[in-house]
Amino acid sequence: MTDMMDRLEQIVLQKEEHAYGFIIEVLTRGLYPNKFHVIREYVQNAYDAILHYRRDSSQPKHGRIQVKIAKPSIFIYDDGIGMNRDKINQYRYVGYSEKRTGQAAGFRGIGKLSGISVAEKLVITSSPAGVRERYKLVFDADTMLAQVLALKLEGKNISLNDLIPAHSTITVEDEDSDSHYTMVELYKVRDDSKALMDHGQLAQYLGTTAPVDFDPEFPHAKTVDGWLRQHVPDYDTVPLSLNGQPIYKPYLTELKPPQMIFVLDQDDHSQQGGSRSEGVGQEFLAFCWYCEHTEKGQLGDNLRRGLTYRLKNFAVGDNQLPRTTLWHSSPERAYYFFGEIHVCDPDIVPSSDRDNFEQNDARERLYARGAQISRTLNRIAGASSDQRRATEFIAQAEDIVHRVQAELQAGQMLREMKLDRTVAVYNAVHNVRKRLRHAPVGFRERAEEVMTAGTHLLERLEGTLPQESPPTFYDIRESLRLGPEARRIYDVIVDCLREELMGQRDLYERLVRRIHAALERDLPGKEQE
Amino acid sequence: MTRDPFTVNKRKVREMDLRLIERYFKDRRGKLRYLGLPASSMEDVLLWRDYFEHFTAVEIGQPGDEYRYQHNLMLTAMQHGLADRLELLRGDMDEILLNGRDGFDNQVLYPFDVVSLDYSGGLVYKNGSGRAKRVESMESLFREQSARNQNFLLLVSCNLDNEDQGEIRAVLRGIEAELKKLGVSASGAIQGYLSHELEEARLKVYVPYLIWNLSARWYQCEHSKPVYYAGNRGTRMMHFSAWLKRTEQYVAGKPSRLTLVHILNLQAFWCVDGQLGETDFGVPRVVVGTAPAQTERQ
């Protein structure tokens with residue numbers, strides 16, 4: 001009994017470690033294959049800090065994030081709420097965060113250490129308002145990782161409780177009590193992460209990912225921003241600069257005015273248009289705004305076209321993700337549009353790598369209901385296509401009718417071409433009549449006019465207009481006064497050509513005209529002008 | 001770890017510098033470029049910020065902890081909205097000036113309108129091999145600035161803690177000899193400086209002479225009165241300012257008599273508790289006349 005008690009006591013007294021240093025190796029090597037996501041993590045924290053300060057201080061416009069590339073480091077600075085002594089100490093806890101899921105952009109407590117995957121040291125200085133101190137936390141990432149790897153080679157391990165304190169320090173310095181900020185330095189960015197030091201690449205990444213304002217040059221910036229602030233809960237933006245240059249969301253040109261879609265969590269209640277219908281008291285899963293391409297087909301910019309998911313105004317995934325999750329037919333039509341899908345369901349959370357949402361019921365619900373977006377956009381794209389085709393046919397018909405009219409008026413229509421011209425006018429009128437319902441309002445009148453003119457022209461060609469004498473066609477047989485046998489031979493040749501060149505009417509006409517020219521030139525005894 | 005306090009005296013010196021900046025650059029307010037050693041508190045930069053569009057700040061930090069000081073410098077810049085205009089060069093100023101870049105390949109982006117060299121060590125500074133690195137780096141600065149035809153204001157602060165290995169005394173004797181060749185007797189003044197109890201008196205001659213000598217190939221120097229004061233933790237400091245104007249009129253091997261006399265006769269300010277007073281250190285003035293030179297005590 002005593003032995004058993006002793007053994008139990010030993011087990012209780014022995015400190016148990018539940019997390020070991022290999023986690024650091026995973027964090028540094030496995031979790032961030034896209035190194036730019038590391039910057040996003042700190043921008044996310046900066047954004048949360050600024051929003052926190054805005055709420056606490058009732059200054060809704062306060063704050064900005066400054067990112068600076070200064071070889072060999074990258075700095076991310078915010079004038080948000082700052083961290084006190086306890087918070088800076090908790091920064092060292094892997095996987096620890098007091099942010100609640102759905103209330104802040106970051107909440108897992110892992111992203112804050114992502115910098116150790118790209119830099120030799122992670123240096124964080126922070127100060128909250130009302131405190132005359134600032135706290136500097138330094139993570140020596142290189143030595144930490146070196147120790148883990150060295151132990152690994154020996155088949156050993158080290159607990160995080162021993163590892164992290166051994167390779168991190170917190171120091172206290174004086175500060176003004178009015179100051180409140182956090183600055184993160186990724187000191188000595190490693191060679192395999194040098195892309196982060198490229199201004200152009202980082203600016204592009206931040207513009208497409210971070211919760212920044214729309215570019216003031218985007219013609220619909222004000223409209224869309226107003227919608228988002230009105231309809232998307234917790235939607236906000238924070239000014240962000242990179243090396244002094246403001247970062248905005250990129251935009252495209254050649255866009256029609258924006259439209260919106262509300263994705264609701266009930267069958268057939270997804271709403272498109274300017275407002276939610278009355279009586280729909282339920283919160284919606286997502287809010288989508290989009291602009292259609294003014295020209296035919298897909299937008300040209302591969303990186304920016306299409307829709308992007310956003311959660312707390314941070315991008316989740318790229319412009320492929322909505323296409324692959326919402327489009328079940330005609331996926332190419334996703335790129336006829338440019339816009340965003342702001343997810344509003346608090347149960348939907350981004351995956352760790354933020355390339356998708358975590359798989360759960362809420363996500364499946366979003367994808368199922370969100371398919372309404374693709375159906376709506378496909379319908380719009382189809383209608384635009386029909387409209388475009390209708391206007392093209394109307395313009396074509398006008399051209400054909402005018403040319404044939406002019407030819408007939410001048411007496412230059414060849415007898416051999418009468419059938420072709422008749423068929424062309426008939427088809428033109430028929431195509432317009434078939435597409436009349438798709439024609440835009442401004443083209444309806446033109447369509448009616450060309451159908452009337454075409455019908456009249458057909459009757460002229462047939463010689464059936466009572467008030468008009470039959471039209472005159474140029475008959476080379478008459479012109480050259482060919483005898484009966486010559487006429488017969490000529491007719492046989494032309495009939496053979498017509499049959500042979502059934503699908504090549506232009507070639508047929510060219511050959512007929514060449515034959516005419518040759519006959520007029522070479523045939524003896526032709527009438528002189 | 002605490003930040004260094006900016007003493008009343010140093011602030012006074014910086015305000016005097018600001019007046020010089022205003023004097024020489026009043027038409028270019030907001031467009032100037034700065035190179036200097038502002039330290040992590042960046043007090044001079046903050047005081048002069050309205051005149052400058054760009055700052056190049058050099059920070060060496062402390063051995064083994066360099067990044068902390070450099071981090072804090074950037075933090076100050078961020079707090080005051082200056083990071084957009086800041087280029088941080090990490091390392092020793094002398095090495096950076098000599099190499100034209102820091103150890104991370106960040107280049108020195110010449111030219112500059114104001115160069116502020118707030119040396120924590122002395123100016124007469126040689127490494128173990130006897131090379132006057134600081135002097136060589138200053139010469140490099142003048143060469144690069146002159147290649148871009150740049151007039152500029154040079155501000156130099158240094159302390160008196162370094163042993164000068166006889167360098168200063170040798171220079172004073174050299175000045176005496178040069179003036180003698182030019183028919184000017186300065187022995188009274190030189191002896192006055194050599195025997196003076198204050199090292200400041202000798203530095204008052206040495207530093208302007210050094211600046212003039214190193215820059216003579218490219219620049220005319222206009223020296224303002226230096227200031228001596230007690231700096232952080234009571235360190236004895238001197239501050240020099242010179243307006244360097246680009247010139248092609250260089251006469252090798254012939255120091256200007258007037259320049260040497262001006263340097264010897266240049267008065268200084270003392271600054272105590274932020275208050276200024278003038279002094280000639282009680283050293284006789286050198287008088288230049290047609291008769292054999294007389295010395296006068298003012």
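The values are calculated or read from the model by the stated rules, or taken from the named source; none is laboratory data. As the structure is a prediction and not an experimental result, all values here were calculated from the model. We place every Cβ from the backbone using ideal geometry, glycine too, and count neighbours over all the protein chains shown. For the accessible areas, the whole protein counts, side chains as well, though only heavy atoms, and no ligand, DNA or RNA atoms are used. Shrake-Rupley method; radii C 1.70, N 1.55, O 1.52, S 1.80 Å.
What to note about this one:
- Any hit, region A:468-485, residues being open to solvent by less than 50 Å² (accessible area, probe 1.4 Å) and over 22 Å from residue A:407 (Cα atoms): yes
- Within the option set A:513, A:446, being on the phi < 0 side of the Ramachandran plot and touching a residue at least 60 places away in the same chain (Cβ under 8 Å) holds for one residue only, A:513.
- Exactly one residue out of A:168, A:97, A:114, A:126 is at pLDDT 95 or above, open to solvent by less than 60 Å² (accessible area, probe 1.4 Å) and either within 42 Å of the chain's Cα centre (by Cα) or hydrophobic (A, V, I, L, M, F, W, C) (or both), and it is A:126.
- Test: residue in region A:198-216 that is within 13 Å of another protein chain (Cβ to nearest Cβ) and either β-branched (Val, Ile, Thr) or touching a Leu at 6+ places or on another chain (Cβ under 6 Å) (or both): no
- Members of region A:199-223 found to be under 20 Å from residue A:39 (Cα atoms) and without any contact (Cβ under 8 Å) to a residue 12 or more places away in the chain, listed by number: A:200
- In region A:26-36, of all residues being open to solvent by 20 Å² or more (accessible area, probe 1.4 Å) and in a helix (DSSP H, G or I), the one that is modelled with the highest pLDDT corresponds to A:36.
- Subset of region A:220-249 that is within 14 Å of another protein chain (Cβ to nearest Cβ) and in a strand (DSSP E or B) - its residue that is most open to solvent (accessible area, probe 1.4 Å): A:245
- Elements of type strands (runs of 3 or more DSSP E) in region B:26-99, at least 3 residues being within 11 Å of another protein chain (Cβ to nearest Cβ), modelled with pLDDT of 95 or more and buried (at least 18 other Cβ atoms within 10 Å of the Cβ): B:86-90
- Test set (1) closer than 15 Å to residue A:184 by Cα; (2) away from chain B (no Cβ under 12 Å); (3) of a type in the set (Asp, Glu) - residue A:86 fails condition number: (1)
- Between A:144, A:183, the distinction of being open to solvent by less than 10 Å² (accessible area, probe 1.4 Å) and closer than 18 Å to residue A:67 by Cα belongs to A:183 only.
- Odd one out for residue B:298 among (1) over 17 Å from the mean Cα position of the chain (by Cα); (2) surrounded by fewer than 16 Cβ atoms within 10 Å (Cβ to Cβ); (3) modelled with pLDDT of 90 or more; (4) not hydrophobic (A, V, I, L, M, F, W, C): (3)
- Single residue of region B:135-164 satisfying the filter (of a type in the set (Ser, Thr, Tyr) and either modelled with pLDDT of 95 or more or in a strand (DSSP E or B) (or both)) that is surrounded by the fewest Cβ atoms within 10 Å (Cβ to Cβ): B:140
- For region B:199-253, the tally of residues that are in a strand (DSSP E or B) and of a type in the set (A, V, I, L, M) stands at 6.
- Single residue of region A:60-83 satisfying the filter (more than 10 Å from every other protein chain (Cβ to nearest Cβ) and assigned to a strand (DSSP E or B)) that is farthest from residue A:50 (Cα to Cα): A:69
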